[in-house]
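In what follows, a structure is listed as structure tokens, so that the remarks can point back to it.
Laboratory data are not the source of any read-out in this text; all were calculated from the coordinates shown. Here the structure is a predicted model, which means the values were calculated and not measured. Here the Cβ positions follow ideal geometry from the backbone for every residue, glycine too, while neighbour counts run over all protein chains shown.
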Amino acid sequence: MQPTPSTSALPSAWSAQVESYLADGENVLAWLETDLDVQLHFASGLLVVTNLRLLSRSSTDAPWQDWIYRQGMMLTRRDHSGIGNLELTDTDSLLACWRYTLSNNLAAGRLLEHFLQQLGHHLTGELPLSPEHILCPKCQSVLDAPLPPGQEECALCSKEMYTPPSTWTLFRLWRFARPYKWRLLAGFLLTLGSTAATLVPPYMTMPLMDNVLIPYQNGKPIDTDLVTLYLSGLFGAALLAWMLGWARTYVLALVSERIGADLRTATYEHLLKLSQEYFGGKRTGDLMARIGSETDRINIFISLHLLDFATDVLMIAMTAAILVSINPWLALVTLLPLPIIAWLIHVVRDKLRTGFEKVDRIWAEVTNVLADTIPGMRVVKAFAQEKREAARFRATNQHNLEVNDRVNKIWSLFTPTVTLLTEIGLLVVWIFGIWQVSENAITVGVLTAFLAYISRFYLRLDSMSRIVSFTQKAAAGTKRIFEILDQTSSVPEPANPAHLPSVTGRIELRGVGFRYGTRSVTRDISIVIEPGEMVGLVGHSGSGKSTLVNLICRFYDVTEGAILIDGVDIRSLPVAEYRKHVGLVLQEPFLFFGTIAENIAYGKPEATRAEIVAAARAAHAHEFILRLPHGYDSLAGERGQALSGGERQRISIARALLIDPRILILDEATSSVDTATEKEIQKALDNLVRGRTTIAIAHRLSTLRGADRLIVLDRGSIVEVGNHAELMARAGHYYNLYQAQARNVDTEDDLHRQDIALKTEEARI
Amino acid sequence: MINQPDFQLSRNAFGRLVFISPDGQTQEGVVAVRAFPIAAPDQGIALLDTQGHELVWIECLGDLPDELRTLIEAELGSREFMPEIKRILGVSSFATPCTWQVETDRGVTAFILKGEENIRRLTPPALLITESHGIHFLIRDRFALDHHSRKILDRFL
């Protein structure tokens, strides 16, 4: 038997078993490892399509089952809430069924395709099409368009990659520190100098004691010159330490502020590049907290705590060196508690880190409650739920308290313990020192110097132990920032982008499917929209109209199939370049804070005033803008509150007109306004649509009367395509929708218009 | 109280449920869904036709005659998939995304958790974990888990 590429790809646990069971000349064409059994328990099974039959085994030791291709056999694939279902039936009954989780969905699709080919081959003798599919080199899945050169895996593969971020997150900040490395080095040298300078005074106590005070006590007069020399040395050192300390703090604070600013900007820039899918799953409050307060925390950490820490470490190292140089034995005794404290710090660090991560998460939760409620204040008030919202906030706050209490329990024990160890250390030095002095092994001066040093030394250790908490907080913050920075957009920029200098606006959808979580929203949609054509998408809400539009705009990437513009897969075009060709008018037009003119020129900031006015005129917005007190310079509020829905809509139409896109998407552009306003908008839209490939979604079917073709969607699939007359004549889905709308007297305020529209349409037929 | 319902339900050779309404109309491929799969799994069960339209609403599963109830329970059992985590065996990392090894009421498996926000707090003490493919894993009572599992879980909450 010739090994085929697919057999070699069989999981190793199965390949030997399968091969021993195959007949002569039988080839494995496709396989699916089922990870669930019929009762939906996790169990590993295998399903194989060969050129002779369908083979299956429910576990490694279960008997093989096989089915020879025959008339009436059918394999169907369905999925529901995260589980796929394959059913093999013949004309009168169910033969078998298999379940799998959707991680195996691709394999299932491939298996089904091969099964149908083989079945067709056996029944009709028709040779299966030699697979001219392009396969992804990594996952072997069939691609709809060739991979752009330089890209080694398909979009699906890269989606499956999850690598946890490294624990040494703080070091990743180096990426942002690198531009300032010379200034950082200068800061470090200054730190070194200033720390050394602060260590001079305790050293001076030694000769002061031994050469001045003790001889005086023994009856010698004080040597004034010597005292002046020592004391001026003390003063000079203090002065030097002050100057160096000032310079160091200034330089490093400057750098850290810049690093913080870079971090914030980089995070926001990255955030803007992420796909709509990411924002769908995140809450605004959380993201705002991350970019705002986390970067600030990291910033303070670098400028204050890290600096202190560096000083402490230097101080300890230098002190240790000095102590050893004076008297190694006494130094050894002095430094004894150091490892114990180091160990203590290590133990508490882990506990504190998880604690602080928790505190951060709960803090984001608190912000989330606010971000959820404040924009919905009208609803809260309308339903008189202020008390409940207050209770919700209080509950979150309570949770915050609980988490904080737990952290503080460990934390509060930590500092006093360090202090206690410090005191014990001092005691040990006193005991050992007095004994040594009594033995005449050291002078009183040496002991005084030691005591002066170690009181500083332990003070440093104490503040060093405090750094633990700040480091952990900063590390937790860094992790949360890098979570955003590590997030790759689910609409990735192509590695080797293709470029379309000019676009005619031909859109082709090839077997497009999209899945949101476990819910498959659209299935196998294939259609070609010619340049300049206006297409209307019709269907019940939830039929996948908006999803289709989001896919065409590339807010999301398709899960199956491909979307091509002028024959080029949109995934191989740079995202921003592609979107330049697409104009979008939404149901709820969003106006940014700024003047009307700025809002119109949002997609083309370099537009001249004449262009802006021309666009506004074409959008029938010119006149009402002139009626505003400051004309084009009037401010449109946060959400353009001073303007009516229709007015805002016309501004957004002007916005789309100004960028002059080849492809235009109208997503329920007239749904939120009354019929009179709709007419105004419709006029504006007629100007916009002219000569562009247009895809329009409308709930009111009457708005789509200008469409060349209507595409009727139902539950994620295309059910009918044609113009109004054809579809009415077919008396199918569209006819029902139309009739339902025309009849719906109570809910549709434009009954009269509908009727007229209906009549005119009928007259046309 | 057991009421004899005014509809009939049976399973055909294709394994599909066939519904016969009081006026004698037959619907094939009927599916059963729970309205509150987590909060009240045994109350509010709907039978839907292939178009997703509701055919009948069953207030409480316990009110049905045994035969009918087992039929519906079998159908529900074959469709719904929300493994309940009994034990967390291990996680690849405490930073997301990470792989979780868990023991569920449907056997041992592994899944990828994309982010902490995919662990949703339901009415306490229940938690719902959504893995990267969208399958929901339920933890009915997080305080009833063993010490090791709770410790792991705690790092993500």
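Mean partner shielding of peptide B:135-143, defined as the number of other chain Cβ atoms within 10 Å of each residue Cβ, is 1. Other residues lying with their Cβ under 13 Å from the Cβ of A:Val719 contribute a combined charge of +1, Lys and Arg counting +1, Asp and Glu -1. Bridges between two residues of chain A, per DSSP, are antiparallel at a rate of about 75%. Measuring max minus min along each principal axis, the C-alpha atoms of the range B:11-157 give extents of 58, 27, 24 Å (largest first). Computed from backbone phi with θ = phi - 60° and the Karplus coefficients 6.51, -1.76 and 1.60, the 3J(HN,Hα) list for the range B:72-89 is 5, 5, 5, 5, 4, x, 7, 9, 8, 9, 9, x, 9, 6, 9, 8, 9, 7 Hz; x is used for glycine and proline. Take each residue in B:145-156, count the other chain C-beta atoms within 10 Å of its C-beta, and the mean is 1. In the frame of its principal axes, the range A:5-132 has Cα extents of 39, 33, 30 Å, reported largest first. Normalised by residue number, the volume inside the convex hull of the Cα atoms of the range B:8-79 is 90 Å³ per residue. For the segment A:97-105, counting C-beta atoms of other chains within 10 Å of every residue's C-beta and taking the mean gives 3. The mean sequence separation of alpha-carbon pairs under 8 Å and at least six residues apart, normalised by the residue count of chain B, gives a relative contact order of 13 percent. The alpha carbons of the protein assembly as shown give a radius of gyration and a Dmax of 36.5, 130 Å, in that order. Between A:Ala261 and A:Phe383, the FRET efficiency estimated from the beta carbon spacing at R0 = 45 angstrom works out to 0.60.
Site pair A:Thr91 and B:Asp146 shows an inter-label distance of 5.6 nm when each label is modelled 7 Å from Cα along Cα→Cβ.
Taking the longest Cα principal axis of chain A as reference, the axis of helix A:12-21 is set at about 40 degrees.
Can you tally the net charge around A:Met534? Count Lys and Arg as +1, Asp and Glu as -1, for every other residue whose Cβ sits under 11 Å from the Cβ of A:Met534. Counting the neighbours of A:Met534, the net charge comes to 0. Which of rounded, prolate or oblate describes the range B:85-154 when judged by the alpha-carbon gyration tensor and an a/c cut-off of 1.5? Judged from the Cα gyration tensor, the range B:85-154 comes out rounded (a/c under 1.5). Each of A:Phe42, A:Phe514 was scored by other Cβ atoms within 10 Å of its Cβ. Listed from fewest to most, they are A:Phe42, A:Phe514. Ranked by the mean number of other Cβ atoms within 10 Å of their residues, highest first, the peptides A:203-209, A:730-736, A:102-108 fall in the order A:102-108, A:203-209, A:730-736.
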